1. Please verify whether ALA139 is in contact with a helix residue (DSSP H, G or I) (Cβ under 6 Å, 6 or more places away or on another chain) and assigned by TED's automatic domain parsing to the domain that holds LEU25, treating the condition exactly as stated.
2. Cβ-Cβ under 8 Å, sequence separation 6+ or interchain: first residue in segment 63-85 and touching a residue at least 40 places away in the same chain (Cβ under 8 Å), partner buried (at least 17 other Cβ atoms within 10 Å of the Cβ). Which pairs?
3. For ALA145, state whether it is surrounded by 16 or more Cβ atoms within 10 Å (Cβ to Cβ) and of a type in the set (Gly, Ala, Ser).
4. Can you name every residue in segment 108-129 that is out of contact with any Ser or Thr (no Cβ under 9 Å at 6 or more places or on another chain) and buried (at least 17 other Cβ atoms within 10 Å of the Cβ)?
5. If you go through segment 29-58, how many residues are part of a helix (DSSP H, G or I), surrounded by fewer than 13 Cβ atoms within 10 Å (Cβ to Cβ) and modelled with pLDDT of 85 or more?
6. With respect to HIS61, determine if the residue is in the same structural domain as SER26 (by TED's automatic domain parsing), surrounded by 13 or more Cβ atoms within 10 Å (Cβ to Cβ) and of a type outside the set (A, V, I, L, M).
Amino acid sequence: MRRFVYQLHLWLGLFVSVPVLAWALSGFLYALPNTVEGGKIDVIDNARVKVSPTEAIEKAHAFAGKTLPTTALTLLMRDGKPFYQAIGGMGADSILINAETGEVLQTPPLNLYTRFFRQAHFYYFAGSWQISLLLLFSALASLSALTGIYLNCIYWFGRKFRG
């Protein structure tokens, strides 16, 4: 039994370490200033905000030609101008709405670091399998931790009783 648990723990460790490493590297990138889009934070000039959040969402829907699955609406400063960023579909896609003029823009292409961050950290590459993969890797990581705890208990309790 112990040999099986040991082998299981080794294989789980190898299998789970790849996504955990990608997740850790993407988190490290996010911690570096101005590496990932949105890393620079500017104070929002309230006096320049003329468009309400409701209007911004309506403008985003009109721009897309359909009702978007908006999951977040963020007010931010971009190039010295206030913008709403309408994010939809688990955060993978977004539209910018100028909070002064109401002009709607497609979010510019992301730099390499931001793309890696989003794909590795939030599993956007998985599409509709995103949540299933996150749950699977979480379960496998938990099983790996439990087998490690079991092996440590066996080792330390075995040493205690042997001498």
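1. no
2. Pairs that qualify, where the first residue is touching a residue at least 40 places away in the same chain (Cβ under 8 Å) and the partner is buried (at least 17 other Cβ atoms within 10 Å of the Cβ), are PHE63/ILE95; PHE63/VAL104.
3. Answer is no for this residue.
4. Scanning segment 108-129 gives TYR123, TYR124.
5. Result for segment 29-58: 3.
6. Here the answer is no, as HIS61 does not meet what is asked.
Condition check ((1) at pLDDT 80 or above; (2) under 19 Å from TRP11 (Cα atoms); (3) part of a helix (DSSP H, G or I)) across all residues:
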residue: LEU110; (1), (2), (3): no, no, no
residue: LEU133; (1), (2), (3): yes, yes, yes
residue: LEU136; (1), (2), (3): yes, yes, yes
residue: GLY158; (1), (2), (3): no, no, yes
residue: PHE161; (1), (2), (3): no, no, yes
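The values are calculated or read from the model by the stated rules, or taken from the named source; none is laboratory data. Nothing here was measured: the structure is a model prediction, and the numbers come from that model. Reconstructed Cβ throughout: ideal geometry from the backbone, glycine too, with neighbour counts over all protein chains shown.
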